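A quick write-up on the structure given underneath.
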Amino acid sequence: MTNLDKIDNIYFKREDQNPTGSAKDRVIPQIVDFIKQQQFQEAVISSTGNAAISAQHFCQQQNIKLTTFISPKIDPQKLKLIKNPIISPKPISAAFKYAKQNQAYFIRLSTDKLSMHYRSIATELLEQLPQITDIYIPSGSGATALNIALHLPKHIKVFIVQPASHCPLASIYDHDYLPESTTITQALSAKFLPLKEEIKKTIKYGLVIQNNQVIEAQKFLQENNIITSPEGALALAGYFKNQSNHDDYPVILLTGKKR
């Protein structure tokens, strides 16, 4: 169970304290166990960073070979932590092709049924803060937010938070932003959204955040001795943007270490 820290009446779910520093550690170990049980000798993943770092850690523990395809736009600090990555302009299609040719298991969190294990975050929150009223989740494909939302009572507001440079989900709900061409949250750039329709049926709130708002949120976290990724600061920026409308027991999902 990760900590739930309180600062200025804001609660922070510390997924950055997981073994490799992100919420991906909730799901990747379950997938790797399944890969081992099915006697796959190799796995392949396409990632913007955190999922690859997590998969690398847990595949190594199980002695499973992992091949990682990444975009050239990956955060350089995360790139340093990935062993022998294959850089591709189309990492998802390259990973899919590689998996088929090499009989490797394709780890894809947005479609893997084992992603339901994100529900453990919801279970812990209901135990740690039964009064929880809203939660702000930094999102790429939306898989984390969806699987948390499915396991929380419906009266709890779940907010998908995305950067103004790439906000295909959050912009469904929030139109008060200026499009940007760059972002400091590189890990949230999912291009394929297989869960989009299910997300629209389940989640009713979203917020689009500008880079300057992320920077201000980072300052708040640093002043309170929380050193996390820009993605975590993005979620907090979402709370600040919605501050006049928030409820009494808001939770910010902090995921990703500052690399």
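Quick one: angle between helix 28-37 and the longest Cα principal axis of the chain, in degrees between 0 and 90, rounded to 10, please.
With both axes taken from Cα atoms, the answer is about 30 degrees.
So, by mean Cβ neighbours within 10 angstrom, what's the order for 159-167, 41-49, 107-115 with the highest one leading?
Put in order of decreasing packing, that is 159-167, 41-49, 107-115.
What is the spin-label model distance, in nm, from residue 224 to residue 41 if the labels are put 7 Å beyond Cα along the C-beta direction?
5.0 nm
Can you flag which of 100/196; 80/241; 73/196; 36/154 are past 30 Å Cα-Cα?
Where the Cα-Cα span goes over 30 Å, the pairs concerned are 80/241; 36/154.
Expressed as a rounded percentage, what relative contact order does the chain have, with Cα pairs under 8 Å and six or more residues apart?
Relative contact order comes out at 22 percent.
Rounded to the nearest 5, what is the percent of antiparallel bridges among the DSSP beta bridges in the range 1-150?
25 percent
Per Stokes-Einstein, at 4 °C and 1.567 mPa s, what whole-number D in µm² s⁻¹ belongs to the range 16-72, with the Kirkwood radius over Cα pairs as the hydrodynamic radius?
Estimated diffusion coefficient is 114 µm²/s.
With everything on Cα atoms, drop me the angle between helix 211-223 and the longest principal axis of the chain, reported from 0 to 90° to the nearest 10.
So the inclination is approximately 80 degrees.
Suppose we keep just the DSSP beta bridges with both residues in the chain; what percent of those would be antiparallel, to 5?
15 percent
For the range 71-182, what does the convex hull of the Cα positions come to per residue, in cubic angstrom?
Taking the convex hull of the Cα positions in the range 71-182, it is 153 Å³ per residue.
Excluding residue 134 itself, calculate the net charge of residues whose Cβ lies under 14 Å from the Cβ of residue 134, where each Lys or Arg counts +1 and each Asp or Glu counts -1.
Around residue 134, the surrounding residues sum to +3.
Could you sort 235-243, 20-28, 117-125, 148-156 so that the peptide with the highest average Cβ count within 10 Å comes first and the rest follow in order?
20-28, 235-243, 117-125, 148-156
Just the Kirkwood number for the range 28-108, please: inverse of mean 1/r across all distinct Cα pairs, in Å, one decimal.
For the range 28-108, inverting the mean 1/r across all distinct Cα pairs yields 12.4 Å.
Where a number appears in this text, it was derived from the coordinates with a stated rule and is not lab data. Note that this is a predicted model, so its numbers are computed, not measured. Using ideal geometry, Cβ is built from the backbone for each residue, glycine included, and neighbour counts are taken over all protein chains shown.
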